[in-house]
Structure formats: structure tokens, C-alpha cells
Amino acid sequence: MRYQQDFDRHEPLRVEGHPSAGALRLVQQVVWRLGDGAEAELASLASSDSAHGEAAKVARSWTAEFQKAAQGQVTAAFCRPGDGREALVLTFHDTGQTKVLHVRLDGGAGEDGWRVRMLEADQARGQAPESLPQCPWKAVP
């Protein structure tokens with residue numbers, strides 16, 4: 001029910017590449033939580049490799065940087081599909097900002113479902129164009 005309500009209230013996510021259904025659903029929720037400024041709910045989507053306090057701090061940072069942008073058109077370009085791990089680039093069309101995300105199945109055998117990596121160490125790296133994952137299926141300009 002919540003997913004359908006969120007779907008109805010938000011701009012549809014554009015997708016490039018071939019994500020798994022679980023990864024796509026997670027990324028859609030990340031974009032919705034960013035746009036809504038729902039920091040605690042965004043932090044709850046974090047993978048187990050970040051501590052709760054760390055995920056909350058990263059969620060606060062992401063929300064401060066991308067909340068307005070996530071309310072408009074967003075494209076998720078899934079670049080490195082894999083068995084349980086995917087890399088992608090979010091492009092926020094209204095602002096031209098980009099954000100690299102790494103998502104994965106969490107738990108011992110993936111039983112905790114898809115989660116997004118939210119580590120403070122990733123924050124310092126920035127989003128320089130050369131740091132963006134290369135999408136082999138996407139033509140380089």
C-alpha cells in the first residue's frame with residue numbers, strides 16, 4: 001500500500017540499463033526518501049556495513065544535498081549489474097547533479113533484501129566525472 005501511494009505522489013524514475021527488480025525498487029525508494037526529506041527512512045535503507053549513526057549522518061548529508069533535485073526528474077543508470085551487487089548513477093535533471101550509488105543484497109545469503117551502501121568514507125570522494133562508474137552499454141560522448 002505504501003509503495004503504491006509513494007508511486008502515485010512522485011515523479012516516475014527513468015531507468016537506463018538492466019537492473020534487477022529488487023535493486024530498482026530500492027533505488028526508487030531512495031529517490032523518494034531524498035525528495036521527501038525523510039532522513040530516518042532513508043537511513044533505514046542502508047546496508048549492514050554502516051553503523052546506524054553513520055547511516056543517519058550520511059542520510060542527512062544526502063538529503064541536504066539532493067532533496068530539491070530529487071523532487072524533479074531523475075534517471076538511474078545501472079552500470080554494473082551483478083549477482084547481488086549493482087552500481088548506478090543517479091542524474092538529477094533539474095540541477096544537473098549526479099550521485100553514485102552502490103546497492104547490494106544484504107545479510108548472510110541476501111535474506112535481508114536489497115540495501116544501499118551509506119558509508120561516511122564515500123562522502124569524501126566527491127562525484128568527479130572520472131569517479132563515475134562507466135556504463136559499457138552507454139555511448140561515451
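Tabulated values for the structure
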{"item": "Matching entry among E130, E111 (being modelled with pLDDT under 95 and assigned to a helix (DSSP H, G or I))", "result": "E130"}
{"item": "Number of positions in segment 19-47 that are under 11 Å from the mean Cα position of the chain (by Cα) and charged (D, E, K, R)", "result": "2"}
{"item": "Every pair of residues 6+ apart whose Cβ atoms lie under 7 Å, when the first sits in segment 7-26 and is at pLDDT 90 or above while the second is of a type in the set (S, T, N, Q)", "result": "L13/Q28; R14/Q73; R14/T75; E16/T75"}
{"item": "Test: residue in segment 49-64 that is in a loop (DSSP other than H, G, I, E, B), under 12 Å from the mean Cα position of the chain (by Cα), polar (S, T, N, Q) and under 19 Å from D122 (Cβ atoms)", "result": "no"}
{"item": "Filter result for the condition that a residue is surrounded by fewer than 17 Cβ atoms within 10 Å (Cβ to Cβ) and within 19 Å of Q97 (Cβ to Cβ), over A51, A69, A64, A40", "result": "A64"}
{"item": "Criterion violated by G72 - all others in (1) touching a residue at least 40 places away in the same chain (Cβ under 8 Å); (2) part of a helix (DSSP H, G or I); (3) farther than 13 Å from R117 by Cβ satisfied", "result": "(2)"}
{"item": "Counted residues, segment 1-27 - those being surrounded by 15 or more Cβ atoms within 10 Å (Cβ to Cβ) and part of a helix (DSSP H, G or I)", "result": "6"}
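The values are calculated or read from the model by the stated rules, or taken from the named source; none is laboratory data. Nothing here was measured: the structure is a model prediction, and the numbers come from that model. No Cβ is skipped: glycine too gets one built from the backbone with ideal geometry, and neighbour counts run over all protein chains shown.
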